[in-house]
Every structure is written in structure tokens, then in C-alpha cells.
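Structure, as C-alpha cells:
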Amino acid sequence: MSKYKVVVTDYNWPDLEKEENILKKVDAELIPAQCRTEEEVIKVAADADALLNQYAPISAKVIVNLTRCKVIARYGIGLDNIDVKAATEKGIMVVNVPSYCEDEVSDHALALILSHARKVLYYNLQVKRGIWDWKTGKPIFSLSEQTLGLVGFGKIARRLARKAKCLGFKIIVFDPYISKSEIDKKGIEKVDFNKLLKTSDVISLHTPLNRSTKHLFGEKEFNQMKPSAFIVNTARGGLIDERALYNALINKKIKGAAVDVLETEFPDASNPLFQLDNLIATPHVAFYSKTSLIKLQTKPALDIARVLKGEVPEGLVNRELIQKTTGKISV
């Protein structure tokens, strides 16, 4: 019988061989599950020593029922499905993967931007309907005539800015947590939110989802955007009010949207957004490359192994749990 029990609450890749190879070295048994609800997580993980988590909800309700858990490790950067405060209060380490897919997500965002800017999706549909006529897509504007507005200026947004700038885009940024001087160093203009809405031809979202950013884009914000503008979201689905987005698209308040994330994942095929020709949707794939997936699977497992050995995990979020006197954690 293994010394530790590690539950994988959910995952959407072919196997867990990488995680198993890492955790068996610390005598941990890996228990795979595909939980969607709090109740399902509690049932399988109540007596687990550690959790590996992708999308399943790790709420305060779940955490209060964890009797032995020492660490919750998330496959990814965002932590909006984990109640970090509740975990901290119970002395449970929370770990994420803060650096693994910056190029992949910025590349994907740029691909979505270019697909709209050059009307790739529109022309593809036209050609398949038997219409071979470039004039049906007029007007198309040069990239050097367009302003790309970035909401958030973290690692991914900075890489996107560098790539888009090379293509001729003018870049503006709204990020209340980054100083003007730091953004100025990149040769980019910092603006307030209202100016970004009113002047951007493209808006790309790169901010975490929390109480202050939930439905950051709703009816009011779409009404302030240019009718010719489009929005791209490779961050978190909850940043956009989907009902407001649908109304903005069908009422031509904005030109189009491209989303890699939605408020509900996995979404229902009947989602009305999927019926619109001016929406591009991809299945939360922006993070993916063969290399990034290896990092995504191995880094959280390595951190769980560290915690089970009494070491400090590299991706520790609630660092206040580190014992100040020893620099170690208690397990």
C-alpha cells in the first residue's frame, strides 16, 4: 500500500504517465477521476494527501471536507476555480504553473487577431458557399492603420505586444497595476479603460478572473467600442458577459469576436454564440504545444512530490504558509 494518495480531480489529455512516474518516486498512488461538481470531488478526494486539479471546482465547501490534504496543485496559471483563501486558512498549499505557455497563448491570440483583421473566416465561408469574390469582404484595413488594445500587461500580453508591434499595430495598454514608466519602456502607451474601449480596433484580454474583473466586458463596454472593432479572449471566459457579447454581435455594436475560453466549459453545443458567423471559437487550446503540455503535466506533479517530502514547491501561491524560521513547510 502506498504512503500517499494523490487524486487527479480532472484532466483532458490521453494519459497520466508523466505524473505517475514522478509521484511513484515518493511512494504516492495516483487516483484519476473526471469530476465536474463539488460533490464528486469530495467523494473521491476527502482522504487524499494531495490534489491535481484542472477545471473541477475546489471551493470552500470542498476544502472543509479534505481531511488529510497538504497541497492542491493546478494544471495551469489561473486559480479562479480554487478558493485559495479557504485553503490557506486550513494550511493547505496551493500551487500553480506560472510559466509554461507564454509563447503559445500569445501566438494563438495573434492568430485570432489576424484571422479577423484579414477576414480569413469570412472568406473561407464565402468560398465554400461558391462565392469567389474578394470584394464581398470590403473594407479591410492595413495592420499599420490599426490599434491593438491590451487589457492586462503580464508576460503573455508583453509577448503579444512585441509580436504585434513587428506587424505594424499601434499598441495601447490598460493595466492599473503596472506603472506608466514600466509600460513606456516598451514603447507602448498606457491608457485608461474608457480610452482603450473607444480607440482600439482590436481588444485582446490578458487579465486574471476575479471579483473585480468578472464580466469586465458587458453591454456598457460593447456600446463604447467602435462598430468596426473586435474582441479576442484567450484569458478567462468570465471576463466577458456572453449574453451581452451575443447581443453586441447580432446588433452590430462590434464587428466580431474570437474566444478560446467561455464562461462554461465544456460548453453546450446549443450555445447561441456558435450560430454566429462573426464569432471564432476554439476549445481552450491556446495553451497547447507539445512542449507546453509536457511542462503542464510535470511541473505540478513535481511540486506535489516536493511538498510530500517537506520541501517548498516552486509554484507556491500562498507563500505565507512557509515557516519563516526554517524556510520549509510542515507536512
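Select, from K70, K61, the only residue that is charged (D, E, K, R), more than 27 Å from A286 (Cβ to Cβ) and crowded, with 16+ Cβ neighbours inside 10 Å. Walk me through how you get there before you give the answer.
Details: K61 fails: crowded, with 16+ Cβ neighbours inside 10 Å.
Residue meeting the stated conditions: K70.
For the range 177-214, a tally of residues being more than 19 Å from I254 (Cβ to Cβ), touching a residue at least 40 places away in the same chain (Cβ under 8 Å) and of a type in the set (A, V, I, L, M) returns 1. Could you list, in sequence order, all residues of the range 216-267 that are closer than 18 Å to F193 by Cα and among the aromatic types (F, W, Y)? Those that are closer than 18 Å to F193 by Cα and among the aromatic types (F, W, Y): F217, F222, F230. Filtered by the rule that a residue be closer than 25 Å to I280 by Cα, assigned to a loop (DSSP other than H, G, I, E, B) and out of contact with any helix residue (DSSP H, G or I) (no Cβ under 9 Å at 6 or more places or on another chain), the range 180-207 gives a lone residue, S200.
Among residues belonging to the range 43-67 that are touching a residue at least 40 places away in the same chain (Cβ under 8 Å) and in a loop (DSSP other than H, G, I, E, B), point out the one that is nearest to G237 (Cα to Cα).
Residues of the range 43-67 touching a residue at least 40 places away in the same chain (Cβ under 8 Å): 47-56, 58.
The next check asks that each one be in a loop (DSSP other than H, G, I, E, B); those that pass are 47-49, 54-56.
Numbers: D47: 32, A48: 30, D49: 31, Q54: 15, Y55: 13, A56: 15 Å.
Taking the candidates together, the pick is Y55.
Within the range 163-173, restricting attention to residues that are of a type outside the set (G, A, S) and touching a strand residue (DSSP E or B) at 6+ places or on another chain (Cβ under 9 Å), which residue is surrounded by the fewest Cβ atoms within 10 Å (Cβ to Cβ)?
Filtering the range 163-173 down to residues of a type outside the set (G, A, S) leaves 163, 165-167, 169-173.
If we keep only those that are touching a strand residue (DSSP E or B) at 6+ places or on another chain (Cβ under 9 Å) as well, we get 165, 169-173.
Working: K165: 15, F169: 23, K170: 18, I171: 22, I172: 20, V173: 23.
Once the filter is applied, the top-ranked residue is K165.
A residue that is buried (at least 22 other Cβ atoms within 10 Å of the Cβ), closer than 30 Å to R319 by Cα and either outside the structural domain of E219 (by TED's automatic domain parsing) or under 18 Å from the mean Cα position of the chain (by Cα) (or both) cannot be found anywhere in the range 110-131. One residue is enough: does the range 200-211 have a residue meeting the conditions at pLDDT below 95 and farther than 26 Å from L114 by Cβ? The answer is yes, given that some residue of the range 200-211 is at pLDDT below 95 and farther than 26 Å from L114 by Cβ.
Suppose we filter V312, V261 for residues that are of a type in the set (V, I, T) and touching a residue at least 24 places away in the same chain (Cβ under 8 Å); which single one remains?
The conditions single out V261.
With respect to the conditions (1) in a loop (DSSP other than H, G, I, E, B); (2) without any contact (Cβ under 8 Å) to a residue 12 or more places away in the chain, N124 lacks only one, and its number is (1). Look at L23 and say whether it is over 24 Å from K295 (Cβ atoms) and either touching a Leu at 6+ places or on another chain (Cβ under 6 Å) or aliphatic (A, V, I, L, M) (or both). Against the criterion (over 24 Å from K295 (Cβ atoms) and either touching a Leu at 6+ places or on another chain (Cβ under 6 Å) or aliphatic (A, V, I, L, M) (or both)), L23 does not qualify.
How many residues are assigned to a loop (DSSP other than H, G, I, E, B) and within 15 Å of the chain's Cα centre (by Cα) when one looks only at the range 217-249?
So the first thing to find is which residues in the range 217-249 are assigned to a loop (DSSP other than H, G, I, E, B), and the list is 218, 225-229, 234-236, 241.
Okay, now just the ones that are also within 15 Å of the chain's Cα centre (by Cα), so 234-236.
Qualifying residue count for the region: 3.
Determine whether the range 79-86 contains at least one residue that is assigned to a loop (DSSP other than H, G, I, E, B) and β-branched (V, I, T). No, the range 79-86 contains no residue that is assigned to a loop (DSSP other than H, G, I, E, B) and β-branched (V, I, T). The set of residues in the range 127-161 being touching a residue at least 40 places away in the same chain (Cβ under 8 Å), in a helix (DSSP H, G or I) and among the small types (G, A, S) consists of A157 alone.
Among the candidates K186, K226, K190, which residue alone is surrounded by fewer than 20 Cβ atoms within 10 Å (Cβ to Cβ), over 20 Å from E102 (Cα atoms) and in the same structural domain as K155 (by TED's automatic domain parsing)?
Numbers: K186 fails: over 20 Å from E102 (Cα atoms); K190 fails: surrounded by fewer than 20 Cβ atoms within 10 Å (Cβ to Cβ).
Result of the check over K186, K226, K190: K226.
The values are calculated or read from the model by the stated rules, or taken from the named source; none is laboratory data. Every value quoted in this text rests on a predicted model; they were computed, and no experiment measured them. Counting neighbours? That spans all protein chains shown, and the Cβs are built from the backbone with ideal geometry, glycine included.
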